[in-house]
Amino acid sequence: MELGFKFNERLLFSEFSTWMPFPYIDLNTSVSGTKLDQLYSGLDIGASLGIAQRLPLGMNLSLTGKQSLGIFFDDKPEYSYKFNTSAGLSVPLWFMAPSALPDFLKQEFGLYPKKKQLSLLERDKGKKALIIKMLAAIGSEKILKKRIELLKNVQKWNTEEKSKNEILFSQGKLSVLEFSEKNKRIKQEEILLFQTEQSYQALMNEIGNMGLSFSDLSEDINSWLGFFEKFASYLQKEGSAGDESGLLRHEVEWMQSVQKFNSSIPRLFLSFGADIIPSKENYPSFPAAFMGYWKDNPTLKWSVSMNVKINLSPLHDDFRMNKNFKMLKEIKSLDKTFLRQSIEEEKNNGLKNIEKTLFASEMSKSALEIQKKYFTLAEELYKQGKSSIHDLFAAQNLLEEAEINYYAERLTYVLNVLQVYNF
C-alpha cells in the first residue's frame, strides 16, 4: 500500500511538472554518396535544441534552434554550416465550446491538488481498513480462545455423561429415544468444538500473515475492549462520519473528463521560421565555415504561417461541442447529486448500525448480569444440597457463554464505529 502511494505520488509530480519548461536536444547524422567520374561522399551532422512550454487555456508553445554541419569529401574536403530557428503556438478555438472554458480553467489549476488530496485520503482509508482488519482478528482470537475453553470443559463433562447414559440405558432407565437424543447432542457439541478449533487455526494463520506474534495477543480481553470503547466514544464526539473520498473522487473524474474534452476542440496553429542563408556554400575548414557563415553577409529568410482546420458540414461533431459539453455537465451534476444522496444514506445506515450494536451490547451486558445472579443462586443451592453438580455445571456454562457473547457484541460495536467514523 505504501509503495503504491509513493508510486502514485511520482505520477502526480510528473503531471504537475508539465507546467515546467521542457528543454530537449535532437541529434541526427547521415552519410550519403554518389558515383560520377569518381566516388563522392558526404557527411551531415545536425543538432537541434528546443524547449516546449505548456501555457494556460490549453495552449502550447515550442521553440527550436537547429544547426547543421556538412562535410563533402572530394579531392579536398569542403565544409558547410547552417542555422535555422522556428517557433510554434497551438491555441484551442474556445469560441466553439465557450461553456467548457470555466471548467477547463478550474481543472488546469485545481486537478493536481485535488488528486494529491485524494491520494492521501485513499492511503488513510487503506490504513484504516488494515487497522480494522487487525483489530477484528485479534478480538476474534481472544473470543474464540475462550469459546474453545468452554467447549472443552463441556466435552469433559460429556465424556462422563456419555458413560452414565450407557449404564442407564443398559439398566432400562433410559428409552431408546432419550438415549439417542442425548448422544446426538453430545455429538453436535463435539462437531462444534472441532469447527471452532479449525476456525481458530485459520485465524491464527491470518494473524501470522499480518506480522503479529503470540506475545501481541496476551492482554486481557476486558481491558483491551475497554480501551477501544473509549476510542470509539472519542471518535463519535470528535470525528466525522461517512466516506469523504467519494465526492472528491467524483470531482477529480469530472476534471479529467474536462481535460480530455480539450483534445477534441479544433486548434489554431501559428508558426514562425527564420533561416539564415549563407553567401558562400562551402569552405575549406569548419572554423572558416562557421565564421564565414555569420560574417560574409548572410541572407535572412523568414516566414509566418497560420493553420486552422474547420469542418463545414453541419453534421460534424464540431458544431455540437458546446451542447454536448452542457449535456455532459448536466449528467455529471445529476451523478453528483445521486452520489451525495448515496453517501448520506450509507452514513445514516452506518449510524443506525452503531445504535443497533450498542443496544445489543447493552442487552448482552444485562444478560450477563442475570447469569451472574443465576450462578450465585445455583452455588447456594448446591451447597445446601438442593441441586446437583450437573445443575451447577450448567449454570457455570451459561455464565461463560453469556460472558463470551458480551465480549463479541462489544467487539462488533467497536468495529462498527471504526468503520463509520474517520480516524
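The values are calculated or read from the model by the stated rules, or taken from the named source; none is laboratory data. Since the model is a prediction, treat every value here as computed from it, not as a measurement. Note that each Cβ is placed from the backbone with ideal geometry, even for glycine, and that neighbours are counted across all protein chains shown. Only protein heavy atoms, including side chains, enter the accessible area calculation; ligands, DNA and RNA are left aside. Shrake-Rupley method; radii C 1.70, N 1.55, O 1.52, S 1.80 Å.
A few comments on the model shown:
- From the options 337, 376, residue that is part of a helix (DSSP H, G or I) and under 43 Å from the mean Cα position of the chain (by Cα): 337
- Candidate set from segment 275-295 (those that are without any contact (Cβ under 8 Å) to a residue 24 or more places away in the chain and either in a loop (DSSP other than H, G, I, E, B) or among the hydroxyl-bearing types (Ser, Thr, Tyr) (or both)); member that is most open to solvent (accessible area, probe 1.4 Å): 280
- Filtering segment 171-216 to residues that are closer than 26 Å to residue 401 by Cβ, polar (S, T, N, Q) and modelled with pLDDT under 85 leaves 180, 183.
- Count of segment 340-357 residues which are open to solvent by 70 Å² or more (accessible area, probe 1.4 Å) and either over 33 Å from the mean Cα position of the chain (by Cα) or of a type outside the set (S, T, N, Q) (or both): 7
- Top-ranked residue in segment 183-209 [being among the polar types (S, T, N, Q) and under 18 Å from residue 149 (Cβ atoms); ranked as surrounded by the most Cβ atoms within 10 Å (Cβ to Cβ)]: 196
- Residue 58 being of a type outside the set (A, V, I, L, M), open to solvent by less than 50 Å² (accessible area, probe 1.4 Å) and modelled with pLDDT under 90: no
- Residues within segment 232-274 that are touching a residue at least 60 places away in the same chain (Cβ under 8 Å) and either of a type in the set (Phe, Trp, Tyr) or not in a helix (DSSP H, G or I) (or both), tallied: 18
- Residue 335 surrounded by 15 or more Cβ atoms within 10 Å (Cβ to Cβ) and under 30 Å from residue 94 (Cβ atoms): no
- A Cβ distance below 6 Å, combined with a sequence gap of six or more or placement on separate chains, defines the contacts here; from segment 84-95, residues that are over 13 Å from residue 275 (Cβ atoms) reach residues that are of a type in the set (Lys, Arg) and in a strand (DSSP E or B) in the pairs 90/267; 92/267.
- Within segment 51-80, tally of residues that are small (Gly, Ala, Ser) and touching a residue at least 40 places away in the same chain (Cβ under 8 Å): 2
- Segment 278-313 - residue that is under 53 Å from the mean Cα position of the chain (by Cα), among the polar types (S, T, N, Q) and at pLDDT 85 or above and, of those, nearest to residue 71 (Cα to Cα): 303
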